[in-house]
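Enquirer: My questions all concern the structure below.
Since every read-out is calculated from the coordinates, none of them should be taken as a lab result. Quick caveat, the model's predicted, so the values are computed rather than measured. Heads up, the Cβs are rebuilt from the backbone with ideal geometry, glycines too, and the neighbour counts pull from every protein chain shown.
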């Protein structure tokens, strides 16, 4: 069984450009989460999906961020008009919707905005 | 999101010794889960141990155990017989959405 995979692993983009990250969760997991993590900090919750429904979205998530999970399988996180403050690692994670919700993380996608 | 506080930015311990990492959280709910995750340098986050709030018994996983004090909203992680491979950032988490800033654990050989 493969784990959570994320693509690309690293992305360098110019300020103002749009970027998209993809996440493929563990196949039987119906919950999918996106987090942002900066150096020396813990993960910051962005949003999560139950199947294809986006059930929660952080107030910290500006309108430039959008996430989709169209068929309840893979998910994409798009950042429009990137800013230098968007530079961070974007973590995807998945879990089975059971009590405890142990979350399994991908290796993350590093974004550098120059 | 619930507030999770890890007051120790960095801890160091001699190999084979015991170390305790602290975590406090804030919530008004009575039923929830707490987690400790480990993030080795340049590697992905993995679960170390979890605790169900309605269970009074502290969780244990081999050399890892927790001291869960529900009334005090405290959830510390004890690592016994520390090994070099335990060196990592350790994060305390409340459910999936509340995360501490992490404690960097250094193991001295």
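Enquirer: Within the stretch A:42-52, restricting attention to residues that are buried (at least 19 other Cβ atoms within 10 Å of the Cβ) and more than 17 Å from residue B:43 (Cα to Cα), which residue is farthest from the other protein chains (Cβ to nearest Cβ)?
Expert: Of everything passing the filter in the stretch A:42-52, A:49 is farthest from the other protein chains (Cβ to nearest Cβ).
Enquirer: Name, by its number, the condition in (1) within 30 Å of residue A:57 (Cβ to Cβ); (2) within 11 Å of chain A (Cβ to nearest Cβ); (3) assigned to a strand (DSSP E or B) that does not hold for residue B:36.
Expert: (2)
Enquirer: Also, I was wondering about something else. Answer with yes or no whether residue B:48 is without any contact (Cβ under 8 Å) to a residue 60 or more places away in the chain and on the phi < 0 side of the Ramachandran plot.
Expert: So residue B:48 passes the test.
Enquirer: Here is a follow-up. Let me spell it out: the conditions are (1) more than 14 Å from chain A (Cβ to nearest Cβ); (2) at negative phi, and residue B:61 meets all of them except one. Which number is the exception?
Expert: Status for residue B:61: all satisfied but (1).
Enquirer: Report, by residue number, each residue of the stretch B:10-33 that is in contact with a helix residue (DSSP H, G or I) (Cβ under 9 Å, 6 or more places away or on another chain) and not in a loop (DSSP other than H, G, I, E, B).
Expert: If the condition is that a residue be in contact with a helix residue (DSSP H, G or I) (Cβ under 9 Å, 6 or more places away or on another chain) and not in a loop (DSSP other than H, G, I, E, B), then B:13, B:19 are the ones that fit.
Enquirer: Do the conditions hold for residue A:39, that is, is it out of contact with any helix residue (DSSP H, G or I) (no Cβ under 8 Å at 6 or more places or on another chain) and either more than 11 Å from every other protein chain (Cβ to nearest Cβ) or surrounded by 17 or more Cβ atoms within 10 Å (Cβ to Cβ) (or both)?
Expert: When the stated conditions are applied, residue A:39 does not pass them.
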